[in-house]
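Participant: Here it is, the structure in full.
The values are calculated or read from the model by the stated rules, or taken from the named source; none is laboratory data. Because the structure is predicted, anything quoted here is derived from the model rather than measured. Ideal geometry is used to build each Cβ from the backbone, glycine not excepted, and the neighbour counts take in all protein chains shown.
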Amino acid sequence: MKIYESNDLSQAEFIEAHIASNQPCIIKHSDFNKEVWTPHALKNIVGDLSVQIYDALFDLQDIDSLSSYFNKYFGKQLSNNQNVPYVRWYNRLKDVDFAWGDEAFKRMSPYWSLPDCIPKNNLLVPVGDAQQQYDPVNDLFPYRGILIAAKGARTRLHRDPFCSDAIVNQFYGVKEFALFKPERSAELTRNKDGSSFGGFIDIRENHFGEVNTTPDFSGTISPGEMLFIPHGWLHDVVVTEDSISVTWNFVHSAGAKQYVDYLSNDAASDREFEILQYFFSQAGSLIVSGKDALELVYTDDKPLTA
């Protein structure tokens, strides 16, 4: 099925029709500097920095300079069965020393902006009060990353952590995506591993009719387009042209029911809970359990209690 696309979506329409209704869409009016979000320009601006290089299931493979990654993988004719590594250059997610992408985001901030339809307030994650403004151009977001991937790289089927929504903002090249409704999670699970990133089948293998791997939505995103992936939706992405994009996750009060349920049900057993703990700590609150977090959460400006 073809995903909903819009050239002119108001913020109220986006919140009601997509965040609150948990429906994917493509927004086709992303504002960015096309001359800067290219391999050549990025090598000059941030190529000296170290990047995080992962495989198709988010396992860290290497730390290298961005320039080295470009030189090794971009513009190459790689074989179809070669596992092409994927740069997922996240901003700081934990209080540890690592090859975080904060400096890269700082240097690149003049060259892109958030469309007006994407809300900056009434966010539960990042953590703050209802009226606090957050903008991924300059502010920390969970899993905010600069994604740089050579043709053939892939993100295998997964769903994003702690019931958060995600946006992929495409700046260079093309990606092909497949989206599956949350209620199809059980049929697409091979081995439960207690995480958001693993345990699902490889939808691109031949399952000989045992499992229906036809996505509910599929398509491509090209430069200037943003893909909105609501919480719980499974997604698989293949890079069909050398690609550069930016991604981030958030929880908005209009779509927070599943997030609140997550906090109420042993959230601390989730290995991604430590990311939430970091964002709560940045807002001045130390949490040990999901219920600790729940006491600090609001919906529609009204505090929630456990």
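Participant: Name, by its number, the condition in (1) touching a strand residue (DSSP E or B) at 6+ places or on another chain (Cβ under 7 Å); (2) in a loop (DSSP other than H, G, I, E, B) that does not hold for Thr155.
Facilitator: The number of the failed condition is (2).
Participant: Do the conditions hold for Tyr278, that is, is it at pLDDT 95 or above and farther than 28 Å from Asp102 by Cα?
Facilitator: no
Participant: Of the residues Asn138, Asn121, which single one is touching a Ser or Thr at 6+ places or on another chain (Cβ under 6 Å) and surrounded by fewer than 18 Cβ atoms within 10 Å (Cβ to Cβ)?
Facilitator: Among Asn138, Asn121, only Asn138 is touching a Ser or Thr at 6+ places or on another chain (Cβ under 6 Å) and surrounded by fewer than 18 Cβ atoms within 10 Å (Cβ to Cβ).
Participant: Let me ask something else about it. Condition first: at pLDDT 95 or above, in contact with a Leu (Cβ under 6 Å, 6 or more places away or on another chain) and among the polar types (S, T, N, Q). Can you find one or more residues in segment 86-93 that meet it?
Facilitator: yes
Participant: Between a first residue in segment 49-61 that is more than 13 Å from Gly145 (Cα to Cα) and a second residue that is of a type in the set (Ser, Thr, Tyr) and in a strand (DSSP E or B), which pairs have beta carbons less than 8 Å apart while being 6 or more apart in sequence or on different chains?
Facilitator: Leu49/Ser65; Ser50/Ser65; Asp55/Tyr86; Ala56/Tyr86; Ala56/Thr155; Leu60/Tyr54; Gln61/Tyr54
Participant: Being out of contact with any Cys (no Cβ under 7 Å at 6 or more places or on another chain) and either aromatic (Phe, Trp, Tyr) or within 15 Å of Pro230 (Cα to Cα) (or both) narrows it down to one of Ala283, Ala254, Ala268, so name that one.
Facilitator: After applying the criteria, what remains is Ala254.
Participant: Residues of segment 55-72 being at pLDDT 95 or above and of a type in the set (Phe, Trp, Tyr), which ones?
Facilitator: Residues satisfying the conditions are Tyr69, Phe70.
Participant: Across segment 236-277, what is the total count of residues that are surrounded by fewer than 20 Cβ atoms within 10 Å (Cβ to Cβ), among the polar types (S, T, N, Q) and touching a residue at least 40 places away in the same chain (Cβ under 8 Å)?
Facilitator: The qualifying residues number 4.
Participant: When the residues of segment 1-20 are filtered to those that are in contact (Cβ under 8 Å) with a residue 60 or more places away in the chain and in a loop (DSSP other than H, G, I, E, B), which remaining residue is nearest to Ala166 (Cα to Cα)?
Facilitator: Ala20
Participant: Among the residues of segment 276-286, write down those that are of a type in the set (S, T, N, Q) and in a helix (DSSP H, G or I).
Facilitator: Those that are of a type in the set (S, T, N, Q) and in a helix (DSSP H, G or I): Gln277, Ser281, Gln282.
Participant: Hey, another quick one. Could you tell me how many of the residues in segment 167-187 are closer than 13 Å to Gly232 by Cα and either touching a residue at least 12 places away in the same chain (Cβ under 8 Å) or crowded, with 17+ Cβ neighbours inside 10 Å (or both)?
Facilitator: Total meeting the criteria: 6.
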